[in-house]
């Protein structure tokens, strides 16, 4: 069980202000570093249980279920689906490259007049590289 760091930070800040204390005063009374209190209040870090216990003690507050978020450990199903998703994209990337290589190779072998110059071959290969790059960008784009 992890605490929602933004809600905890907001609660600590509100209670500290309600008592009329500065962050420095809370730091001195609780024995927790000033920078740690600043980070906790800004919601930048998940405070350790010892730190939260000290702050609760000094501020006379208790955190309940509304301040916590149950973060379940990643299930085997989620791990497998991510692995399958990634594996399928890797396989699709290889298959796409293989198909482009086969098609372009068969085109070059069966064409009697193409390429006439090295420049034509270079342009052809660059075009294939661009097409493959665009396909890879499409395959690996971030899904929203």
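The table below lists the values:
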read-out: Estimated distance in nm for a label pair at residue 106 and residue 25, the labels positioned 7 Å out from Cα along Cα-to-Cβ; value: 8.1
read-out: Net length gained if the chain between residue 140 and residue 85 were fully extended (0.36 nm per residue, minus Cα distance); value: 18.7 nm
read-out: Neighbour-count ranking [beta-carbon atoms within 10 angstrom, fewest first] of 142, 19; value: 142, 19
read-out: Extension gain (nm, one decimal) between residue 46 and residue 6, 0.36 nm per residue minus Cα-Cα; value: 13.5 nm
read-out: Those residues of the stretch 123-144 whose amide nitrogen sits under 16 Å from the label point placed on residue 92, 7 Å along Cα→Cβ; value: 132-144
read-out: Cα Rg over Rh - the stretch 76-139, Kirkwood; value: 1.21
read-out: The stretch 2-69 - convex hull of alpha carbons, volume per residue in Å³; value: 71
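Every number here is computed from the coordinates shown, using simple stated rules; none is lab data. Here the structure is a predicted model, which means the values were calculated and not measured. Glycine gets a Cβ as well: all are built from the backbone with ideal geometry, and neighbour counts include every protein chain shown.
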